[in-house]
Amino acid sequence: MKRLSDQDEKEIMIFIKDWLKIHGYSQKDFASKLNIASSRSSEILKKINELYKRGGIYNIAQKLIKIEQSWLNNENHVENHVENHVENHIETIKENKPYNQLDIIYKVDIDSLVERMKKDHQF
């Protein structure tokens, strides 16, 4: 295959920059996924042209899909890890009931609390 036209290169770079922005990644992150040392646009375009020579626009699309899937899988992994950590922390707090050590009743009826506050602040 030939190389991409200047117009195609320009459109692909605009697409890639928007795509990266949507996912919250930088050109450096993208360059890392492409296994290139530099995150400069010119180096990314060289890699895109290599992909094009090896399989056309289809090959570029496949590579972008693989990268996006890896990012989405990574985000899901991080979200699941955070959710599990929070759930474990909540369970630990429930089990330990740290307020019981101070003899504080932390489940107070809100209405009775409001009534006590009104009485305390009356003149």
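Read-outs throughout are calculated quantities, based only on the coordinates presented, and are distinct from any laboratory measurement. Bear in mind the structure is a predicted one, so any value in this text is a computation, not a measurement. Positions of Cβ are backbone-derived with ideal geometry, glycine not excepted, and every protein chain shown enters the neighbour counts.
For region 15-71, which positions are outside any helix (DSSP H, G or I), surrounded by fewer than 14 Cβ atoms within 10 Å (Cβ to Cβ) and under 17 Å from the mean Cα position of the chain (by Cα)?
G24, S26, listed by residue number.
How many of the residues making up region 1-14 are surrounded by fewer than 15 Cβ atoms within 10 Å (Cβ to Cβ), outside any helix (DSSP H, G or I) and hydrophobic (A, V, I, L, M, F, W, C)?
Matching residues across region 1-14 total 1.
I'm trying to understand the selection: among the residues of region 1-41, which are hydroxyl-bearing (S, T, Y) and under 16 Å from K53 (Cβ atoms)?
Within region 1-41, S5 is the sole residue that qualifies.
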